[in-house]
1. Only residues that are crowded, with 16+ Cβ neighbours inside 10 Å, assigned to a helix (DSSP H, G or I) and not basic (K, R): list them for segment 310-332, please.
2. Filter segment 145-187 for residues that are surrounded by fewer than 14 Cβ atoms within 10 Å (Cβ to Cβ), in contact (Cβ under 8 Å) with a residue 60 or more places away in the chain and outside any loop (DSSP other than H, G, I, E, B) and give the result.
3. Could you tell me whether L135 is part of a strand (DSSP E or B) and under 23 Å from the mean Cα position of the chain (by Cα)?
4. Among helices (runs of 4 or more DSSP H) lying entirely in segment 24-127, which contain 2 or more residues that are closer than 19 Å to G197 by Cα?
5. Against the condition more than 26 Å from Y328 (Cβ to Cβ) and in a helix (DSSP H, G or I), how does R199 come out, does it pass?
Amino acid sequence: MSLTAEQQDLRDAVRGLLTREGDERSLWRRLCGEVGVAGLAVPERYGGAGAGPAETGVVMEELGRDLTCSPMLGSAVLATEALLASGDDVACGRLLPTIADGSATAALAWTTRAGHWDSGEVACRARQAGGGWELDGEAHYVLDGDTADVLLVAARGPGGIGLFDVDPRQDGVGRAAVPTVDATRRLAVVRLTRARGRRVGGDASGALSRARDLACLALGAEQVGAARRALDLTVGYALTRVQFGQVIGGFQALRHRLADLHVLVESARSLARAAAAAGDAPEEAPALGLRAAAVKVYCSDALTRTAGEMIQLHGAIGITWEHPAHRYLKRAHGARHLFGSPARHAAVIAASLLDQQ
C-alpha cells in the first residue's frame, strides 16, 4: 500500500532527522519541534495536528528502522489515545497541549506482572477518600514510566475500572526502571501507596481497549520498519560476503530465503498500512480490534523471523556484540509480548470467526 504525497514528506522529514547525530533527548525535541510527531494523534483544539493512525504509522516505521529510543509509542500513542478515548474534555484540555508539543511526556500504568493488557485486568485499585481518590497497586511494563511528566493510572474502583491522573512527583508514587532484553525500550514498574489522583472520564474499559488497539497498530508499523531494515542489512551483506569464490548472495538456497523474507516483510507492511488507513472512529471499535489483533500477530512473526534469519545469514559476525543483528532480535522478542502476546490476539481472531458461523 503506497503512501500519499503528504505521508512521504512526513517520512522524509523524520528520516532526515534520524540520520543526524544527537542524544535521545535532543532528538525527541527536534522530532516534536520540527515535525510535530508527539501531536499527530491530538486534535487541533488541543494543540495537535489532528492526524490519524496512518500518519502515526509512518513515523513509527521510521523509528523502527534504526530502533530509535523515544517516548513516541508510550506517550504520543498509548497514553494520548487513552486520554482522548476517556471523553473528558477538561482533562484533555489540561494535559494534551504539553504532550502534543513535546514539552511533557505521558505514561499509562495499566497491566499486572502477567502482562495481558486486558481492559478488565488492571494492576491498581482506587477508593474514595476525603472527597478525592486514593490509589494503590503495582503496575508493570509501563512505557517510559520512570521519566514521564504525566502519569495516567488504570484502576478498579467501586464503580468499575476508571482512569486517573496521578501526579508522579508525590510521595505515594514510586517509579523504577527495570532491566529489559531490548535496551532501546524503556520500561518501568510504578508502585502506588495511597497516591492521590483525579478521575478522568467515566468507565475506562472501552478507552483502554481502544488505546491498546491503536498502540498495536503503531507497534506493528514499528516492527515492519525494523524488519525492513534488518532485511536490507542482510541483503547488503549477502552481496558483499565472498565464499567459495563468489558472493554468498549468488547461492540459490540463500536467494530463495531472502526472497521469502522480502515477501513476508512487504506483506506485513501492506497489512499494517491498510489496517491503519481503514479508520479508527469509535463506531468501528469491533473492526479496529480485529485489525489490531491481525497486525499484532503477523508483524510480530515477521520481525521475529527476519531478525532470526539476519543473525544466521550473517554467519559468525551476526552473533557478535559489535554487530547490530542482536539488537533487532532483542527488539523482536520484546515487542512480541508488548500489549499482549500474539497467541492472545490470535485467540481474539479465532473467537470472532467462530461467532460468525
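1. Listed by number, the residues that qualify are M310, I311, L313, G318, A325, H326, Y328, L329, A332.
2. Across segment 145-187, there are no qualifying residues.
3. No: the conditions fail for L135.
4. Of the helices (runs of 4 or more DSSP H) lying wholly inside segment 24-127, those with at least 2 residues that are closer than 19 Å to G197 by Cα span 80-85, 89-100.
5. no
Every number in this text was worked out from the coordinates using simple rules, so none of it is lab data. For clarity, every value in this text was computed on a predicted model and none was experimentally measured. Because the Cβ atoms are built from the backbone with ideal geometry, glycine has one as well, and the counts that use them run over all protein chains shown.
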